[in-house]
Structure formats: C-alpha cells, structure tokens
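The values are calculated or read from the model by the stated rules, or taken from the named source; none is laboratory data. Because the structure is predicted, anything quoted here is derived from the model rather than measured. Because the Cβ atoms are built from the backbone with ideal geometry, glycine has one as well, and the counts that use them run over all protein chains shown.
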Amino acid sequence: MDKKTRVPVREQDPAIRSRNFDEVSFGYDHKEALLEADRCVQCKNPRCVAACPVNIQIPQFIKAILEENMSGAASIIGKDSSLPAVCGRVCPQESQCEGACIMGIKHEPVAIGKLERYVADWARKNKYTPVEDIKPNGKKVAVIGSGPAGLACATDLAKAGCDVTVFEALHKPGGVLVYGIPEFRLPKEEVVDYEIEQVRKLGVKIECNVVVGRTVTIDQLMDNEGFHAVFVGSGAGLPKFMGIPGENLNGVVSANEFLTRSNLMGAYAPDSDTPIYVGRSVAVVGGGNVAMDAARTALRLGAEVTVVYRRTEKEMPARVEEVHHAREEGVAFQMLTNPVAVLGNEKGWVTGLKCIRMELGEPDDSGRRRPVEIPGSEFDIPCDVAIIALGTSSNPLIARTTPGLEINRHNGIVADEKGVTSRPGVFAGGDVVTGAATVILAMGAGREAAKSILEYLGV
C-alpha cells in the first residue's frame, strides 16, 4: 500500500444514516489499523505528543499496535487519557496531533485519532482495564462537574491516592459528552457510560442531582464535609442569543436545549416522554461543531435543514469532517448570511428568518475577516424552528455563592494555566474558565489542575 495516503475509514451510507442515530463511522478493523500504524515513522522528537493537550505518547502506542500488543497500547494511552474512545471520535485531531504529524508536511498525516479509537474499542470489547497500584494518601477532594475536565482531574487525583467525589448537577454523569454530542457521533451507552465506569473503578464516587451553589456550597464542602480541595469543572452551559427582534417566539430554541432534549432525555425516540419539535423546516444559526450537531440531529428527526452562517465555509470553526458529513446527509448551507429578525405569525410561532447578505471585510480579533452587511440585500428564509448555535458561557451560580472567587465579565472563573483561582484550595479548568472549547482541551486543563491540587495538598 502507498504510505503517502491514510487508510480510509468505512462509514454508513449518507442516505441511510441521515434517517438513523447509529454511529456514522465504523472505525478501523484489525488489518486496517495495522496498515495505518505502519505509516508512522516513529519520530525521535514527536511533534504530535507536544500538540496533544494531554500528551499521550503517540508513537509508543502506535508501535505497540504494530507489534500487535494491544494491551500494551491501551496501557500507554491510559497513562494520560481517561477517555480514549471518546477522544478518538470527537477530538479535532486535524488541528492538534495530526496537524503536527511530520508525515503531513508532504503527505497525509497518520490517522492518530482513528488508531486511538481502535485501541480503546479493543480494550472495551476485550474487557481490558490496566491495573493501577493506588495507595491512599488521606486527602479528600471534591470535583464539581462530570464532564471531560472533571473526569480527567478526578482520574489523576484518584491514581495519586486521593479520595475523590464528583458532584454532577444533572441526573446522569458525562456533562457535554451526554447532553451535547449526538449519538451518531458518540454512542452513549457503548462508549461514554463504559469509560465513566472505568473512572469509577479507580474508586471515584459520582453523586448526581447535586447543584453546587444550591444543594450545597463550596464553603460547606470544605468546612462541613471535610474536603481538602475543590476542582470546579462545571462547563459552559448558558446559551447565547443574538438579541434580535422575534427571538422570544415559539419555535426559537438554543442549540444547547435542543441537543440536551435529544441526547440526554432521549427525545429522538418515538416513545420518548420528552417532546421535541422540529416542524417541516429548521434553520440553524451558527457555524461551529454544535451547529453541525444540531443541524444533523434535526435532519434525522425529519426536517429540512438549512445552516445560516455569516462568513464563508473557509471561516467556519466546525471540523471539516462534520461539515462534509452534514452536506453528504442533505443539510443546506446559506453562507455570508446573517439573521436580523425572527419572523412569526399571529399565534406567536416562528415562520422564518429575515436575513441580510454579508461580505468579508478586514480581519477582526479572531484573525478571520469581519463580515459586513450589504445594504438593501435583505431576504427571508422560511422555517418552523430556528436553532441558535452561537456558543455558550458559564453559569455564574458557583462563583456567586463562593466568596473570594474571582470571575471575568463572561461569568467565567478566573484561573491561571495551572488551574489556580483567587480562592485558596479552589481550582478550576475547562469551559468554566475558557468558555466553550473542545473535549480534549478541557481534559488537559483538568490534568493541569490535578497537578496543582496535589502540590497544594503536599502529596
């Protein structure tokens, strides 16, 4: 086989998968994984490791695959990642490890994410769990939030011997992994639940339906329940809207609410107790991964879907793979288009979006060219539902109920790159600090905070 090009990954046919919630990608089989692993040149100074937010020893686990030492490969990944099957599926490898791969200079980079998924899936199917020699250190740590940041932090603390309890506000652990990312990208029972169970096997306790700031405060956890330190990884679940006329009409929903209903509450199932309405046509406003997730979910629920984005496809923050999959499945795109009002009928229901054409001007703070309105170019896009996918911010509840904890103007907790906050003994990381970002960046922040906590505790 030509080593210049990566081994292709088998996928569901777009015409079939657009009507079901089964996983799109089938992943590599054993033969395919060996062929792709053989493309790695085993760099002495691997740039891919440095580009991975959790610093997985990538050449080492790929070498183990080649040697058909699958338990060894799983153990190598497990030293640095508690969610390998998740990350192998949803990480933006193209801008991280694979983006730094030396093969990518002249050819296609090694499919590191697909190989990580293969190893993690092998471990799950063969019920392989690396043995950890854990010696209790007598320190008790609370972790707020069971998303990627919280789970990564809890894992490293537990391995170091801490008595760790994770507090989750919702009725099921996983954070954005369960409420945000659709089943067809990330299977919940098969993948997410399994990897969370592996965290539990380290001795980590997870308590659901606990809203820190209401059910209990950080002060109470530390003063009354004996926790020596607290990590806040509560994410960014507060949706942003455009502030345009008509956003209070029936049929306007945040992508956050739409995906939570579908994913966490199983609203996509015909017999679900949680209703979800898509009508005949849906307009999704935004160009990130969440917008693609909402669009592809609405399509599977039977609607005609149009994504409305104010820049061009080149500037879209969504992964190229996700945009490609959306197009394959039949999602339409209206580029260089910006809503200026939501239209409705006399009964208070959405009937469409009033939009204006845009053109790209000079670059803004993001480095992308700023969209500028073209006067007199207004037009309407008919729709029954408008899904707003413009990002999220942190819920201020924890900060407001924790004296001495500094927040920024976006309600995010202020913390340095090591997770240290203004409040002694309280650490933070992930989306609650940075705003909405990726799973793997949140995990990296959780791991950094774990190091700081262990240093603070003197263990």
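Brief remarks follow.
- Pairs where the first residue, in the stretch 434-455, is modelled with pLDDT under 95 and the second is crowded, with 20+ Cβ neighbours inside 10 Å and hydroxyl-bearing (Ser, Thr, Tyr), C-beta under 8 Å, 6+ apart: 435/392; 435/394; 436/392
- All conditions in (1) assigned to a strand (DSSP E or B); (2) over 31 Å from the mean Cα position of the chain (by Cα) hold for residue 347, with the sole exception of (1).
- Selected residue (criterion: farthest from residue 431 (Cα to Cα)) from residues of the stretch 222-258 that are among the β-branched types (Val, Ile, Thr) and under 23 Å from the mean Cα position of the chain (by Cα): 253
- Complete set of residues in the stretch 4-48 that are among the aliphatic types (A, V, I, L, M) and either free of Cβ contacts under 8 Å to residues at least 12 places away in the same chain or assigned to a loop (DSSP other than H, G, I, E, B) (or both): 7, 9, 15, 16, 24, 41
- Long-range neighbours under 6 Å by Cβ, at least six apart or interchain, first residue closer than 21 Å to residue 155 by Cβ and in the same structural domain as residue 50 (by TED's automatic domain parsing) within the stretch 60-80, second among the acidic types (Asp, Glu) and at pLDDT 95 or above: none
- The one condition from (1) over 25 Å from residue 439 (Cβ atoms); (2) among the β-branched types (Val, Ile, Thr); (3) touching a Pro at 6+ places or on another chain (Cβ under 8 Å) that residue 58 does not meet is (1).
- Here is the figure for the stretch 89-113: residues that are free of Cβ contacts under 8 Å to residues at least 60 places away in the same chain and touching a helix residue (DSSP H, G or I) at 6+ places or on another chain (Cβ under 8 Å) total 8.
- Close Cβ contacts (under 7 Å, 6 or more residues apart or on different chains) running from residues in the stretch 361-372 that are part of a strand (DSSP E or B) to residues that are loosely packed, with under 10 Cβ neighbours inside 10 Å and not small (Gly, Ala, Ser) comprise 369/362; 370/362.
- Boolean, residue 278 is part of a strand (DSSP E or B), farther than 30 Å from residue 457 by Cβ and either without any contact (Cβ under 8 Å) to a residue 40 or more places away in the chain or over 19 Å from the mean Cα position of the chain (by Cα) (or both): no
- Residue identified as at pLDDT 95 or above, in contact with a helix residue (DSSP H, G or I) (Cβ under 7 Å, 6 or more places away or on another chain) and acidic (Asp, Glu) among 116, 168, 132: 116
- If only residues of the stretch 304-344 that are in contact (Cβ under 8 Å) with a residue 40 or more places away in the chain, part of a strand (DSSP E or B) and within 26 Å of the chain's Cα centre (by Cα) are counted, the one that is surrounded by the fewest Cβ atoms within 10 Å (Cβ to Cβ) is 334.
- Test: residue in the stretch 175-189 that is part of a loop (DSSP other than H, G, I, E, B), touching a Gly at 6+ places or on another chain (Cβ under 6 Å) and small (Gly, Ala, Ser): yes
- Among the residues of the stretch 34-47, those identified as buried (at least 17 other Cβ atoms within 10 Å of the Cβ) and farther than 13 Å from residue 116 by Cα are 39, 40, 46.
- Yes/no for residue 292 being of a type outside the set (D, E, K, R), outside the structural domain of residue 111 (by TED's automatic domain parsing) and farther than 25 Å from residue 22 by Cα: no
- Scanning the stretch 259-272 for any residue that is of a type in the set (A, V, I, L, M, F, W, C), within 19 Å of the chain's Cα centre (by Cα), under 18 Å from residue 92 (Cα atoms) and surrounded by fewer than 23 Cβ atoms within 10 Å (Cβ to Cβ) turns up nothing.
- Of the residues making up the stretch 191-205, just one is without any contact (Cβ under 8 Å) to a residue 24 or more places away in the chain and either surrounded by fewer than 14 Cβ atoms within 10 Å (Cβ to Cβ) or aromatic (Phe, Trp, Tyr) (or both), namely 197.
- When residue 17 is tested against (1) modelled with pLDDT under 95; (2) in contact with a strand residue (DSSP E or B) (Cβ under 9 Å, 6 or more places away or on another chain), just one condition goes unmet, and that condition is (1).
- Listed here are the helices (runs of 4 or more DSSP H) enclosed by the stretch 390-459 that have at least 3 residues being within 21 Å of the chain's Cα centre (by Cα): 431-434, 439-457.
- Residue count, the stretch 121-143 (criterion: closer than 28 Å to residue 428 by Cβ and either free of Cβ contacts under 8 Å to residues at least 60 places away in the same chain or among the aromatic types (Phe, Trp, Tyr) (or both)): 3
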